[in-house]
1. Tabulate in residue order the Karplus-calculated ³J(HN,Hα) for the stretch A:70-75, using 6.51 cos²θ - 1.76 cosθ + 1.60 with θ = phi - 60°, rounded to whole Hz; enter x for Gly and Pro.
2. Order of B:ARG273, B:ARG238 from fewest to most other C-beta atoms within 10 Å?
3. Quantify how much of the Cα-Cα distance distribution of the stretch A:191-267 extends past 14 Å, in percent.
4. Under 8 Å for C-alpha pairs, at least 6 residues apart: give me the relative contact order for chain A, rounded to a whole percent.
5. From the phi of every residue in the stretch B:310-316, what ³J(HN,Hα) in whole Hz does the Karplus formula 6.51 cos²θ - 1.76 cosθ + 1.60 yield, where θ is phi - 60° and glycine or proline is x?
6. Determine by what factor the alpha-carbon radius of gyration of chain A differs from 2.2 N^0.38 Å, reporting the quotient.
7. Using the Karplus curve 6.51 cos²θ - 1.76 cosθ + 1.60 with θ = phi - 60°, work out ³J(HN,Hα) for each residue of the stretch A:243-260 in order, rounded to whole Hz, and write x for Gly and Pro.
8. For B:ARG269 and B:SER205 in one chain, what is 0.36 nm times their gap in residues minus the Cα-Cα distance, to one decimal in nm?
Amino acid sequence: MARGRDSIGRFSGQPLASGPIVIRTLFRPRSSARPPLLRELKSVLPEGGLIAPSRRVTTYERDGLPCAGGEPLAIALPATTEQVSQIVAIARAAGVRVMPRGAGTSRCGAAIPLEHSLVISTARMKSVVAFDAQGGRIRVQPGVTNRAISEHVRAAGWFYAPDPSSRRTCTIGGNIATNSSGACALRHGVTADHLLGATAVLHDGAIVELGEHARRQSGYDLSGFLCGSEGQLALVAEATLRLEPVAEHSETVIAGFAARADALAAASAVLRAGVLPYRLEFMDWRAVAFTEALVASGYPRDAQGVLLVELQGLHADVAEDARLLSELLHGAGATSLACSPTDAELDPWAGREAIYRAVSGVGGFEALDCCVPRTQLDAALAQVEAIAAQHGMDHATVAHAGDGTLHTFVLYKTADHASADRARACADRIRSACVALDGTVSAEYGIGLGRRELLTLQFSALDLLQQRRAREAFAPGDWLNPGKVFPQ
Amino acid sequence: MKSILLPETEQAAGEIVREAAATGTTLRIIGGGSELPLQGASDLLSSRALTGITHYEPADFVVSARAGTPVSELAGELARHRQRLPFEPPDRRLFFGTRGKPTLGGVVASNRSGPRRPFVGDARAHLVGLRMVNGRGEVIRAGGHTLKNVAGLDLGRLLAGSCGSLGLLTEVSLRVEAVPETECTLAIGIECADLPLLMARARASGIRASAASCLCAATVARAELAGLPQGQPVALVRFEGRAPAVAEHVRRFRDQLTAIQDAHAMDDRASSRVWEAVRDLEAFAGRGARDTVRLAFPHDAELHMLQQAAADGEHQVQVDWCGRQAWIAGPSARSLARFESAPARLQALIDSIRDSFDPQRVFEAGMFDRAETRQEAM
């Protein structure tokens, strides 16, 4: 993965590859207004809670998209909901736009600031407010990482289900902003399915309680609507999340197939028979080769397509599903079948979970997160092959075979800008092809800065206008996380 | 007599709304008329003539249909492929004493969901895409046909449960699931206030139920269901899946009961019938909104209050969703309702959202027009 300094296009220069990203300065406060504003912000924040622009703040200008943003006016590090409310109100009064920021793991530029905006980082909002060990719910501040939630509750027999690949570092605030999910969305759903309530700070600093945090349910699912809004509607200052019980037993089956279509048809057969795996993943032969080279996981190297199927539940559930699964996979033409209990010597998921590391070892990559209707997955992967061949690009694909999400990695040579340009063009053509198959340009990463022009492939101008109107109802004037999501 | 407008295309619906906006008249949106429309001065605008499944490929696990499609018609087509709507949309015609058929648009607009809701999510959680006509008469598409999608704002989250306050749904796309091999229900002699704790313990130990309700003795008597023990409150807990696994979940659940908590098992057909009755409030047939109140998210103290009310013999109680909602009918039912307005800032936000879809307030929308409460009359 190209994340080196040489591959990062600076703001006001060119992004990594020529493309649609345009970062504009929406607001530049009068220089005389800065010191009083910074003093006012400092007065409501704890010691060290404001990073002034005199220091280098590059960390806060970037995320996972290889493109740097503008220099923010300042970075605020509040610790409480009240402090968030106060600094948002101060910024509003001073006419400074606000950019909420979690861990900055976005892959689409959703966490890249515009110049002179105020970045509000949740780095100091890492507390668990309350944990209901009996009811399986937890109330946290937004800076708590996804993984930390599961670690906090595991001893009591629970875990937090949405599992983005960045879960070790990404925060729950960021998860809500992008409605994060991963492989286990098939069984447990996405962030919106786990967000029970939220305390939100509006663009003017007002604090509102939503979902179960409110005494009165409004009728509109406002906390659900925040999910996937990329921080454009409100800042989440606290969230209550539903937890899932840790399964008594787990088992993974690895099945190899001589043809990609056979593997995907087998996935359909499994689901139609009523088996609902915890994870149901597809890997093409290239993804298998890359990951096996990095970490041996027991994947069949001679297969064109591999399915990883993880079953969870009581011993009785897993035993019954495993019996049926074996029949179905054999019936669908599996050329190899290996069953791996949780405590097996080789971790069957080690390779799949190392896919980002594996492809970044090869060079830079453009990562896709398109989703198509399940039955179009084979057609989408055929398009990937054809388009990549036309562009002369190497690639590898893993897919959530249960829900139709494909993660294709279009590979390029690090520091080779021409190669990176071709990779971006290739990735955008694949995204267009997925939309033509009735799919979506993004199922997980979001739109951010990097994909906002692609939204027009999916929605008419009128559809997008209605979305903008709804955003304006929350935050008039593109006030929060400005410049993101919508085509400019 | 107010007229019922039945557009046959979404373009025609758009014209009706634009004309209403131009003339300053208001419209109340209804689905199939299976629930009593609240009284108002507006003409009724129904999606009832917009019918038919527009796309269904069983292996996609998504179905798209026009909003006026009767739920029963869609359920029939899904059943042919051993699939179903997971959120168990209710049919409350007996309760309201109405005859119109529940439609998909009505179910989504009111976010009506049955006893499986706490285990799989509500109608809203299964909505992946929609088409609608907003208060400007514009035809808008939101979401899509894929199981996952984070491109743009998820307008479906607002539309589901908006009760016609934001626009007329013309088409919806919903997730579906495979029908499990079998089901079994345990009928347990416990009071409703004991249900939440029992279910929390079961969930924590990995026992996977798919419904949990409690009926007071009067509700049991009125339900006239075979297999239910009479003269006492009964908790019902359902398990679904493959037969050996269901048997194991039932066994583990029984192990959690105390010696005095007797449990009677109902097999596939009896189980299915009892949950149909619970889902559709059959034991409250004909009572409608006259003397029945639905309590959403009652606190533990309120559950104890319901338990006491049920004990006096004058009230009828059904607690659903592991205690997250309850119905009570009887002379004192309405006194349990506490009316609270939303905080001013939240109400202003709700009003702004309505304005963003319907700036002229063409759509008259019951609960969104009044200071309605978490204790919602039905």
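1. Result, ordered by residue: x, 6, x, 5, 6, 10 Hz.
2. So the ranking, lowest neighbour count to highest, is B:ARG273, B:ARG238.
3. 70 percent
4. Once divided by the residue count of chain A, the mean separation gives 16 percent.
5. Working through the residues one at a time gives 5, 5, 7, x, 8, 10, 10 Hz.
6. Details: Rg = 22.8 Å, N = 488, 2.2 N^0.38 = 23.1 Å.
Rounded to two decimals, the normalised Rg is 0.99.
7. Rounded to whole hertz, the list is 9, 10, x, 5, 5, 5, 8, 9, 8, 10, 10, 10, 10, x, 9, 6, 9, 4.
8. 20.3 nm
The numbers here are math on the coordinates, done by the rules we state, and not lab data. As the structure is a computational prediction, the values presented were derived from the model and not from experiment. With ideal geometry, Cβ positions are generated from the backbone for all residues, glycine too; neighbour counts draw on all protein chains shown.
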